[in-house]
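Written below as structure tokens is the structure these notes are about.
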């Protein structure tokens with residue numbers, strides 16, 4: 001399952017609505033990107049959401 005390794009964000013479920021108010025179930029996916037992170041002196045490849053990547057850039 002798609003999950004951010006930093007904040008634990010997972011896909012959410014909801015509904016799309018048309019103008020006629022018809023309902024279609026849908027999934028809101030997390031925008032995950034592979035990132036190389038320096039951890040304990042070694043680079044490790046992790047999957048982070050874009051919000052966490054922006055936060056890492058500020059540090």
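The values are calculated or read from the model by the stated rules, or taken from the named source; none is laboratory data. Treat the numbers as computed from the prediction; the structure is a model and nothing was measured. Please note: Cβ atoms are built from the backbone with ideal geometry, for glycine as well, and neighbour counts cover all protein chains shown.
Those strands (runs of 3 or more DSSP E) of the chain in which at least 2 residues are at pLDDT below 95, considering only elements entirely within it, cover 32-39.
Note on region 14-31: residues that are within 16 Å of residue 4 (Cβ to Cβ) and out of contact with any helix residue (DSSP H, G or I) (no Cβ under 8 Å at 6 or more places or on another chain) amount to 4. The number of residues in region 37-54 that are surrounded by 10 or more Cβ atoms within 10 Å (Cβ to Cβ), under 14 Å from residue 4 (Cα atoms) and without any contact (Cβ under 8 Å) to a residue 12 or more places away in the chain comes to 1. Selection over region 1-26 of residues that are under 23 Å from residue 47 (Cα atoms), touching a strand residue (DSSP E or B) at 6+ places or on another chain (Cβ under 7 Å) and loosely packed, with under 10 Cβ neighbours inside 10 Å gives a count of 1.
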